[in-house]
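Inspection log for the structure reproduced underneath, given as structure tokens.
The values are calculated or read from the model by the stated rules, or taken from the named source; none is laboratory data. The model shown is predicted, which means the values in this text are computed figures rather than measured ones. Don't worry about glycine lacking a Cβ; one is built from the backbone with ideal geometry, like all the others, and counts go over all protein chains shown. All accessible areas refer to the heavy atoms of the entire protein, side chains included, with ligands and DNA or RNA removed. Shrake-Rupley method; radii C 1.70, N 1.55, O 1.52, S 1.80 Å.
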Amino acid sequence: MVKASFLNNPVIIVDSREEDLRTLESQISDMGFTNILCYTKAEECLTFLRGKKTRAALAIVDIALPDESAVDLADKLMNHYRLPFVFSSRMEDANELKKVHDTIPFGIITKPSDQALMEFSIESAFTLIELRRLLTIKNEDLGRANRIVAKQKSDLIESIESARDIHNAILPKPEGFRHHVSEFFIMNHPKSVIGGDFFWHYEIDSYNILFALVDCTGHAISGSLISILANDNLNRIVRDFEVTEPADICWLIDRQMLETNKSESNSLEAAPGMEILLCNLDLKKRRLRFSGARRPLYLIRDSKLEIHKGYHAPVGLYAAEKKNFGKNSLDLQEGDRIILFSDGYTDQIGGEDIKKLKSSGLQKFIQESLHLSVSEQGAYLENKFKKYKGQHQQMDDTLLVIIEFKNV
């Protein structure tokens with residue numbers, strides 16, 4: 001049964017045989033269509049379509065129209081007027097099907113056809129028309145939804161990029177540390193646009209400088225927010241309480257971060273936390289005091305690699321009866337070089353075996369680059385990291401710092 005909404009719209013019949021034209025007109029009329037337009041030439045049909053605003057429901061086109069009229073008419077009906085059509089054909093015109101194989105009819109009517117077969121063919125054509133209309137609506141809805149999602153994604157990216165700019169403006173600039181040491185290299189690759197790893201420094205006076213590699217829990221927005229909290233706590237402890245011993249600073253910031261989770265309004269399951277390697281550089285005494293929380297200090301001296309492990313617990317994150325952030329010190333020698341890194345480097349998945357790089361992998365890369373300058377070694381370690389990662393997803397924020405001491 002053809003929907004009533006279609007019955008009032010014009011149905012166009014184009015057939016070069018007058019007898020077939022009248023038979024089709026009668027059969028279409030018996031189906032309930034009240035507006036049937038009959039033409040013996042393609043141009044007559046096109047003339048009507050050019051001058052009328054009323055949208056036709058369907059066109060029935062004789063496949064045996066002279067020359068290429070059937071193909072040309074079918075092309076114009078679909079591409080210019082978006083009018084669905086079916087072909088009509090006598091059995092002796094079967095060879096004519098070859099010339100219309102690239103068109104997209106909604107059906108084919110074989111002439112002469114009895115009323116039942118005619119109605120079945122026409123009803124099938126209108127079923128396809130309705131399905132296509134519904135599909136068009138769905139596609140339009142999908143396109144609209146995609147545009148909304150694209151706009152939301154664009155707004156989100158713009159918001160995150162703005163957050164990154166604010167984040168970078170709040171945290172200390174690594175460039176401000178360069179003039180305190182001979183050579184300095186930093187590689188900072190957040191997993192997302194913004195991250196929780198950062199390099200911190202604070203000038204106590206002309207001869208004493210604090211600096212740290214900080215790896216905050218999480219990454220992206222959550223990690224960046226904790227990094228701002230960590231930066232503020234570090235600055236307040238040094239500025240307001242005048243604490244300069246790295247181990248004591250670690251202990252105090254651990255207490256402060258754990259306190260942030262005791263508020264009733266704070267619903268976090270765990271307190272914010274971080275892994276940190278915090279150093280105090282005394283330029284007069286040529287001494288480096290340091291304390292690490294899950295972060296080691298790698299020392300390169302006389303072309304040999306020494307590893308100073310950090311305390312096994314993080315700063316913040318969870319409470320323990322006693323966290324002992326050890327007090328360590330080094331008397332610096334000419335040409336000493338230290339390497340600080342977050343676990344994003346060693347936890348990266350990749351390589352031929354698709355496994356973590358691990359500390360052993362980083363140590364191997366360092367051994368291979370001992371003869372290079374700081375900038376060259378930094379570029380080497382960065383390229384090795386990228387090559388190892390390959391096409392795999394970056395696992396975490398990644399920060400690596402190389403510092404060399406000459407004429408300290």
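Annotations
- Scanning the range 253-284 for residues being at pLDDT 95 or above and either over 21 Å from Tyr311 (Cβ atoms) or in a helix (DSSP H, G or I) (or both) gives a total of 1.
- For beta carbons closer than 6 Å, sequence separation of 6+ or different chains, a first residue in the range 34-50 that is touching a residue at least 24 places away in the same chain (Cβ under 8 Å) and a second that is charged (D, E, K, R), the qualifying pairs are Ile36/Glu25; Cys38/Glu25.
- Just one of the listed residues (Asp331, Asp343, Asp254) is touching a residue at least 24 places away in the same chain (Cβ under 8 Å), surrounded by 14 or more Cβ atoms within 10 Å (Cβ to Cβ) and either touching an Asp or Glu at 6+ places or on another chain (Cβ under 6 Å) or closer than 25 Å to Ser375 by Cα (or both), and it is Asp343.
- Positions within the range 345-354 being touching a helix residue (DSSP H, G or I) at 6+ places or on another chain (Cβ under 9 Å) and not acidic (Asp, Glu), in sequence order: Tyr345, Thr346, Gln348, Ile349, Gly350, Gly351
Residue-by-condition table, conditions (1) open to solvent by 40 Å² or more (accessible area, probe 1.4 Å); (2) under 17 Å from Ala247 (Cα atoms); (3) not in a loop (DSSP other than H, G, I, E, B):
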| site | (1), (2), (3) |
| --- | --- |
| Ser291 | no, yes, yes |
| Arg295 | no, yes, no |
| Glu306 | yes, no, yes |
| Phe325 | no, yes, no |
| Ile338 | no, no, yes |
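- Near pairs, Cβ below 8 angstrom, 6+ apart or cross-chain, from the range 169-196 (under 26 Å from Asp282 (Cβ atoms) and in contact (Cβ under 8 Å) with a residue 24 or more places away in the chain) to any residue that is open to solvent by 50 Å² or more (accessible area, probe 1.4 Å) and part of a loop (DSSP other than H, G, I, E, B): Ser182/Lys406; Ser182/Asn407; Glu183/Lys406
- Tyr345 being outside any loop (DSSP other than H, G, I, E, B), farther than 29 Å from Ile253 by Cβ and among the hydroxyl-bearing types (Ser, Thr, Tyr): no
- Top-ranked residue in the range 388-405 [being of a type outside the set (A, V, I, L, M) and in a loop (DSSP other than H, G, I, E, B); ranked as farthest from Leu340 (Cα to Cα)]: Gln391
- Output for the range 109-122, where each listed residue is in contact (Cβ under 8 Å) with a residue 24 or more places away in the chain, outside any loop (DSSP other than H, G, I, E, B) and exposed (fewer than 15 other Cβ atoms within 10 Å of the Cβ): Gln115
- Out of Leu288, Leu317, sole residue that is among the aliphatic types (A, V, I, L, M) and at pLDDT 95 or above: Leu288
- Qualifying residue in the range 303-318 (condition: of a type in the set (A, V, I, L, M, F, W, C), touching a residue at least 24 places away in the same chain (Cβ under 8 Å) and in contact with a Cys (Cβ under 7 Å, 6 or more places away or on another chain)): yes
- Every residue from the range 143-157 that is within 13 Å of Ile194 (Cβ to Cβ) and either modelled with pLDDT of 90 or more or open to solvent by less than 90 Å² (accessible area, probe 1.4 Å) (or both): Ile157
- The lone exception for Asn188 - which of (1) polar (S, T, N, Q); (2) modelled with pLDDT under 95; (3) in a strand (DSSP E or B) it fails: (2)
- Set Ile300, Ile237, Ile228: member being open to solvent by less than 60 Å² (accessible area, probe 1.4 Å) and either farther than 24 Å from Phe184 by Cα or assigned to a loop (DSSP other than H, G, I, E, B) (or both): Ile237
- Residue match in the range 8-26 (condition: touching a Pro at 6+ places or on another chain (Cβ under 9 Å), at pLDDT below 85 and surrounded by 15 or more Cβ atoms within 10 Å (Cβ to Cβ)): no
- In the range 187-216, the residues that are under 26 Å from the mean Cα position of the chain (by Cα), open to solvent by 30 Å² or more (accessible area, probe 1.4 Å) and not small (Gly, Ala, Ser): Asn188, His189, Pro190, Lys191, Val193
- Given (1) among the acidic types (Asp, Glu); (2) within 30 Å of the chain's Cα centre (by Cα); (3) open to solvent by 30 Å² or more (accessible area, probe 1.4 Å); (4) within 30 Å of Arg337 (Cα to Cα), index of the condition Glu140 fails: (4)
- Restricting Lys389, Lys358 to residues that are surrounded by fewer than 18 Cβ atoms within 10 Å (Cβ to Cβ) and of a type outside the set (S, T, N, Q) narrows the list to Lys358.
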